[in-house]
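Contents: one structure, followed by commentary.
The values are calculated or read from the model by the stated rules, or taken from the named source; none is laboratory data. What you are looking at is a predicted structure, and each value in this text was computed from that prediction instead of being measured. Here the Cβ is made from the backbone with ideal geometry for all residues, glycine too, and neighbour counts use every protein chain on show.
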Amino acid sequence: MGTFAERIFGAKTGEFVHCEAQRVMIHDGNMPLVFDRLEKSELYDKNRITAVADHFCPPSTLERARYVKRLREFVRTKGISDYVEFKGICHQIMVEGRVRPGELVVGMDSHSTTYGALGAYGVGLGSSDTADVLETGSTWFKVPETIKVNIRKDATGTDLALELLRQVKYTCNYLSLEFTDHVGTNIETRFTICNMAAETGAKAAVFPTDKVTNEYLSMYDIYEKNEFTTDDSHCRRVVELEPNEPLLAVPHKPYKVNKAKDLEGTKIDQVVLGSCANGRYGDLKKAADVISNNKIHPEVRMLVIPSSQRILEEAVKEGVIGKMLSAGAVLLNPGCGPCAGIDKGLIAEGEVCLSTFNRNYRGRMGAGDVYIANAEICALSAVKGVLTVPEVME
């Protein structure tokens, strides 16, 4: 039977293989590291490549404008047709019709684990390894050991991901996480879990395809299935996810997880709803419903960053964005923005930001402290001015 990783790589756990990738994702944030190397290279298959300008969008400095310009030139001269500029975060762009179940998909970014929500094997590579794949179509892997993760209780994607981090912390380096969903979580929840699995150190994180996956994929006319079941005896360990209440990651590590209630009353200066972990329509709607007819606290700045142009358009059409703007939130264009400390919304020394991000490392978003929580907590806290947990959460 084997694990999902063994099926993807066609080898046993622990063996080294040279494996071809079905799709490669590159973006403006890391491509500058390999532009010179690839300038005279022939690409293995330009039709397998998706290039996204999302980190520097639109560029806020002359240096970043030059990076984006060079990416445009690279895409044009190499004949890459799938280029997306300033219309969303690379990982969201990839799951909007570009990832298929059963594929090995590599990306020039650690959060490429997101693709596992669709039954693909998403692996984040460094710039040099990604360049190898661009030139040869393949690279080497060691087939990772597997941890089985059973989801026993439905909750927000953030809370399930934080519960996983609470239990395993950063101990899954170069391991594969296979999720078994016993409660039928929605696809957005799965995207968040697989995305934040990168914070455990995991090489990949994957759900089997089922009704939830196939309903989502059908929007993009993708009907392939990749069903699998792994016997627990093939796994290094089994983790049970059954969060009992909302959780919160405190500075300065995603795995420093506390009960959100224990931190209530913490003064906040800024709230950001967005990132490749969260910022999808469901997150935006939950936040808008919590805010309802209230106003953002006068001492709090709330930034809203949809994960893609498609999500933004849906949220505008359904009145979700209008609700938050009426409450005093500020809408930013789809992109990475302040999550990686790149642009718009950085915080100064002594400031506190509550976010739906996947990382809260020291200095990543400026000079202050970053907390991670689900969208409902973020929205209510923006209204109250201090960290507040809703009494009843869906």
Q: Output the residues belonging to region 93-126 that are assigned to a helix (DSSP H, G or I) and over 18 Å from Ala202 (Cα atoms).
A: Ile93, Met94, Val95
Q: Provide a single number: the residues in region 179-200 that are surrounded by 24 or more Cβ atoms within 10 Å (Cβ to Cβ) and not in a helix (DSSP H, G or I).
A: 1
Q) With (1) surrounded by fewer than 16 Cβ atoms within 10 Å (Cβ to Cβ); (2) in contact with a Ser or Thr (Cβ under 6 Å, 6 or more places away or on another chain); (3) of a type in the set (Asp, Glu) as the list, and Asp343 as the residue in question, which single condition is left unmet? A) (1)
Q: Kindly provide the set of residues from region 249-266 that are within 23 Å of Gly201 (Cα to Cα) and among the β-branched types (Val, Ile, Thr), ordered by number.
A: Val250, Val257
Q. Which one of the conditions (1) under 23 Å from the mean Cα position of the chain (by Cα); (2) on the phi > 0 side of the Ramachandran plot; (3) not basic (Lys, Arg) does Val271 fail to meet, given that it meets all the rest?
A. (2)
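Of everything in region 59-92 that's of a type in the set (Val, Ile, Thr) and part of a loop (DSSP other than H, G, I, E, B), which residue is farthest from Gly335 (Cα to Cα)?
So in region 59-92, the residues of a type in the set (Val, Ile, Thr) come out as 61, 68, 75, 77, 80, 84, 89.
Narrowing further to those that are part of a loop (DSSP other than H, G, I, E, B): 61, 80, 89.
Values: Thr61: 16, Ile80: 21, Ile89: 5 Å.
Per the stated criteria, the residue is Ile80.
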Q: Being in a helix (DSSP H, G or I) and more than 13 Å from Gly322 (Cα to Cα) is the filter here, so list the residues in region 283-301 that pass it.
A: Asp283, Lys286, Val290
(Q) Given (1) under 20 Å from the mean Cα position of the chain (by Cα); (2) surrounded by fewer than 21 Cβ atoms within 10 Å (Cβ to Cβ), identify the lone condition not met by Gly368. (A) (1)
**Q.** Any hit, region 259-270, residues being touching a residue at least 12 places away in the same chain (Cβ under 8 Å), touching a Gly at 6+ places or on another chain (Cβ under 9 Å) and in a loop (DSSP other than H, G, I, E, B)
**A.** yes
Q.
So if I check each of Gly345, Gly322, which one is under 22 Å from Lys295 (Cα atoms) and not in a helix (DSSP H, G or I)?
A. Gly345
**Q.** Single residue of region 14-63 satisfying the filter (of a type in the set (D, E, K, R) and without any contact (Cβ under 8 Å) to a residue 60 or more places away in the chain) that is surrounded by the fewest Cβ atoms within 10 Å (Cβ to Cβ)
**A.** Lys40
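Can you spot a residue in region 308-323 that is of a type in the set (S, T, N, Q), buried (at least 17 other Cβ atoms within 10 Å of the Cβ), more than 22 Å from Tyr67 (Cβ to Cβ) and within 22 Å of the chain's Cα centre (by Cα)?
No, that holds for no residue.
Do we have Glu135 as touching a Ser or Thr at 6+ places or on another chain (Cβ under 9 Å) and either modelled with pLDDT under 95 or not aliphatic (A, V, I, L, M) (or both) here? Spell out the reasoning first.
Values: touching a Ser or Thr at 6+ places or on another chain (Cβ under 9 Å): yes; either modelled with pLDDT under 95 or not aliphatic (A, V, I, L, M) (or both): yes.
For Glu135, the condition - touching a Ser or Thr at 6+ places or on another chain (Cβ under 9 Å) and either modelled with pLDDT under 95 or not aliphatic (A, V, I, L, M) (or both) - is met.
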Q: Hey, could you check region 110-129 for residues that are at pLDDT 95 or above and hydroxyl-bearing (Ser, Thr, Tyr) and say which is surrounded by the fewest Cβ atoms within 10 Å (Cβ to Cβ)?
A: Ser110
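Would you confirm whether any residue within region 155-174 is more than 22 Å from Arg359 (Cα to Cα), basic (Lys, Arg) and at pLDDT 95 or above?
Residues of region 155-174 more than 22 Å from Arg359 (Cα to Cα): none.
Within region 155-174, not a single residue is more than 22 Å from Arg359 (Cα to Cα), basic (Lys, Arg) and at pLDDT 95 or above.
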